[in-house]
2 protein chains.
Amino acid sequence: MTSTPLTRSEAKSQTRRKLIRAALAILDAEGEAGLTTVKVAKAAGIAQSSFYVHFKDRQELLRVLAEEGGARLRTAMREARRQAREHPDDLERHRETFRIPLEAICRHPELLRIQLRARHDPSSSLQEFAAERAAAYREHHAADLAALGYTADDERDRRRLEMIADGINAATNALAIGHVEGRYPDLDECADILVALSRGALRLLRATSTRSEEGDPH
Amino acid sequence: MTSTPLTRSEAKSQTRRKLIRAALAILDAEGEAGLTTVKVAKAAGIAQSSFYVHFKDRQELLRVLAEEGGARLRTAMREARRQAREHPDDLERHRETFRIPLEAICRHPELLRIQLRARHDPSSSLQEFAAERAAAYREHHAADLAALGYTADDERDRRRLEMIADGINAATNALAIGHVEGRYPDLDECADILVALSRGALRLLRATSTRSEEGDPH
DNA sequence: AATTTCACCGATAGTACTATCGGTGAAAAA
DNA sequence: TTTTTCACCGATAGTACTATCGGTGAAATT
């Protein structure tokens, strides 16, 4: 049907894309242990040995996949923060703060699954990717708390913000996975829960900052 | 020094224990992919082939490890609930509700790490173990919410309780891991955060149950 | 004391994967 | 047109692991 008048480099990068797409699918479906050059090459429709035309070794494929995931993550997060800024209304904005990461996760749930696996797997080559994702979310959430007026001055406060971001992040991931797995059909319900959890944390921050500053001007 | 007048079966079960201990350590340190009969046998000080005197195959070892982990988990959880009942004071009790699972996790962090990995790894043989642990915590927390007077009547409410339990559970795991990794030195601080998050969720439940009763035009 | 049992051993067949090598034909360059 | 390049191929060496087998000696049984 479609004629394919491709230049050599076009054909090559097309094959490379095929390999990467196949690898991501296999990584998601079978885990890092199931990601073999045999399977990836077969799924991409080339000979196993041709895998090495595109990647120096299996390790390099993993590295590239991590970069790929990192790039998608950064893009999604940037977009999320951009959209969030467009909702000046405080309540609605707070909700968007959670709906947007949830949606970002649900767009590529395999990236989260891969990351969650890698994070606690000492044999994984994707630890860096996992760390990057965690840091990105922590930033996202920290910036959000800062926008609400909560800044961390001393060591203890900073640790507390980090713990809150960590906890909310973990909850966000859990609910997003639950949504993807079909247990929580409505993303808005997920966002509501996260808003509620988050409000509890805010109340804690408010309570103790008031207590420590005694005469809080409000 | 110590004489070893062991019967044959004593010696055998001792070797078996050595294998299981070695396997748990390797599983924690290198992940499921790194758990080979070669390494386990070597770490336990026996020949690789002797591994098969104790286990039918590699799969059976995994199964036994999961049972082992499940048993430890159940014991820890039972103990936790027993202790929690001893604190009638409401505020302190609420805090204990979180400190106790946190401590249970920190006593055997490798079990949590193994579980978190297995949970999202399709190639893992420990999915059942992971599911059991998740269900156990959900029960723990659901019973706790029920004790506070929150019962789920309709589908939506039940789902909400499940989401809350899921979210709090994820946050608990995240903070416990953070403690084990040295980022959050004080477990009480972790418990405080969890109490705060949990209070936010409780407020949501209170708010909407009131609202739905008010607006219910029966 | 004679016999049986069995936990453990070394050797090895079988399996799955990684990575390399020389060959091929079509695209690209000369 | 002639030559060079190179993406892809099949074959295969090398590696790591699983699981089985027959042999051994000391414990257990008779």
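Could you report the buried accessible area between A and B, both sides summed, computed with a 1.4 Å probe and given in Å² to the nearest 100?
Counting both chains, the buried surface is close to 3400 Å².
What is the mean number of Cβ atoms from other protein chains located within 10 Å of the Cβ atom of each residue in peptide A:182-191, rounded to a whole number? Please list the in-between numbers first.
Numbers: counts 0, 4, 5, 1, 2, 0, 0, 4, 3, 0.
For peptide A:182-191, the averaged partner shielding equals 2.
To the nearest 20 Debye, how big is the dipole of the stretch A:5-68 about its Cα centre, given +1 on the beta carbon of each Lys and Arg and -1 on that of each Asp and Glu?
320
I need the trypsin sites (Lys or Arg not before Pro) found in the stretch B:1-83, filtered to DSSP loop residues with at most 14 other beta carbons within 10 Å of theirs.
Sparse-neighbourhood loop trypsin sites (Lys or Arg not before Pro): B:K56.
Once phi is turned into θ = phi - 60°, what whole-Hz ³J(HN,Hα) does the Karplus curve with 6.51, -1.76 and 1.60 give for every residue of the stretch A:125-137, x standing for Gly and Pro?
Each residue's phi maps through the Karplus curve to give 9, 10, 4, 4, 4, 4, 4, 4, 4, 4, 5, 4, 5 Hz.
Can you tell me the relative contact order of chain B? Whole percent, Cα pairs under 8 Å, sequence separation 6 or more.
Details: 147 pairs, mean separation 38.6, N = 218.
With pairs under 8 Å counted, the relative contact order is 18 percent.
Given a 1.4 Å probe and every protein chain left where it sits, what share in percent of the accessible area of chain A is carbon and sulfur?
C and S atoms contribute 50 percent here.
To the nearest 10 degrees, how steeply does helix B:155-180 sit against the main Cα axis of chain B, on a 0 to 90 scale?
It is inclined by approximately 50 degrees.
Treating only the Cβ of Lys, Arg, Asp and Glu as charged (+1, +1, -1, -1), what charge dipole size does the stretch B:66-214 show about its Cα centre? Round to the nearest 20 debye.
Around 140 debye, computed over the stretch B:66-214.
Between A:A71 and A:R16, with labels modelled 7 Å along Cα→Cβ, what's the label distance in nm to one decimal, could you check?
0.9
Who wins for biggest fluctuation among A:T172, A:T151, A:T97 in a Gaussian network model of chain A, springs between alpha carbons below 10 Å?
Maximum fluctuation in the GNM of chain A, among the listed residues, is at A:T151.
So, by mean Cβ neighbours within 10 angstrom, what's the order for B:173-179, A:164-170 with the highest one leading?
Highest mean packing first, the order is A:164-170, B:173-179.
Got a sec to turn the phi values of the stretch A:47-56 into Karplus ³J(HN,Hα) couplings, 6.51 cos²θ - 1.76 cosθ + 1.60 with θ = phi - 60°, whole Hz, x for Gly and Pro?
6, 4, 5, 5, 3, 6, 5, 9, 9, 4
So what is the relative contact order for the stretch A:70-177, in percent, with contacts set as C-alpha pairs under 8 Å and at least six apart?
Relative contact order of the stretch A:70-177: 29 percent.
Tilt of helix B:90-107 relative to the longest C-alpha principal axis of chain B, in degrees (0 to 90, nearest 10)?
The answer is roughly 20 degrees.
Suppose all protein chains stay in the model; what accessible area per residue would a 1.4 Å probe give for the protein assembly as shown, in Å²?
Here the per-residue accessible area is 51 Å².
Taking square-rooted eigenvalues a ≥ b ≥ c of the alpha carbon gyration tensor, is the stretch A:1-84 rounded, prolate or oblate, where a/c under 1.5 means rounded and, failing that, a/b exceeding b/c means prolate?
In terms of gyration-tensor shape, oblate.
Could you list the square roots of 5 times each eigenvalue of the Cα gyration tensor of the protein assembly as shown, that is, the equivalent ellipsoid semi-axes, sorted largest first and rounded to whole Å?
39, 34, 20
Put a point 7 Å out from Cα along the line to Cβ at A:G34; what are the distances to that point in the other copies, in nm, shortest first?
2.3
Report D for the stretch A:9-55 in µm² per second (integer): Stokes-Einstein, Kirkwood Rh on Cα pairs, 25 °C, 0.890 mPa s.
235
Starting from the stretch A:64-129, pick out the GluC sites (Glu not before Pro) whose DSSP state is loop and whose Cβ has at most 11 other Cβ atoms within 10 Å.
Answer in residue order: A:E86.
Any idea what the dipole of the stretch A:52-111 comes to, in debye rounded to 20, about its Cα centre with Lys/Arg Cβ at +1 and Asp/Glu Cβ at -1?
Roughly 160 debye for the stretch A:52-111.
Pop out the ³J(HN,Hα) list for the stretch B:57-66 in order, Karplus 6.51 cos²θ - 1.76 cosθ + 1.60 with θ = phi - 60°, rounded to Hz; leave Gly and Pro as x.
Karplus-based 3J(HN,Hα) across the stretch B:57-66 equals 7, 4, 4, 5, 4, 4, 4, 5, 4, 5 Hz.
Which of A:I46, A:A152, A:L19 sits farthest toward the positive end of the charge dipole of the stretch A:1-157, with +1 on the Cβ of Lys and Arg and -1 on the Cβ of Asp and Glu?
Sorting the options by dipole projection puts first A:I46.
Report the local net charge at A:R107: Lys and Arg +1, Asp and Glu -1, summed over other residues whose C-beta lies under 11 Å from its C-beta.
So the environment of A:R107 carries a net charge of -2.
Normalise the Cα radius of gyration of the stretch B:40-198 by 2.2 N^0.38 Å (N = residues in it) and let me know the number.
Details: Rg = 18.1 Å, N = 159, 2.2 N^0.38 = 15.1 Å.
The value comes to 1.20.
Average partner chain C-beta neighbours within 10 Å, per residue of A:31-43?
Average per residue, whole number: 2.
Provide a whole-number value for the mean count of partner chain Cβ atoms within 10 Å of the Cβ atoms in peptide A:120-126.
Other-chain Cβ atoms within 10 Å of each residue's Cβ, averaged: 6.
Amide H to amide H, which residues 5 or more places from A:Y184 or on other chains are under 5 Å from it, using H placed in the peptide plane?
Those qualifying (amide H under 5 Å, at least 5 residues apart or on another chain) are A:H179.
Between A:G45 and the same site in the other copies, what are the distances in nm, shortest first, taking label points 7 Å from Cα along the C-beta direction?
5.8
The values are calculated or read from the model by the stated rules, or taken from the named source; none is laboratory data. As the structure is a computational prediction, the values presented were derived from the model and not from experiment. So basically every Cβ, Gly included, is an ideal-geometry build from the backbone, and we count neighbours across all protein chains shown. Heads up: the accessible areas ignore ligands, DNA and RNA and are worked out on the full protein's heavy atoms, side chains in. Shrake-Rupley method; radii C 1.70, N 1.55, O 1.52, S 1.80 Å.
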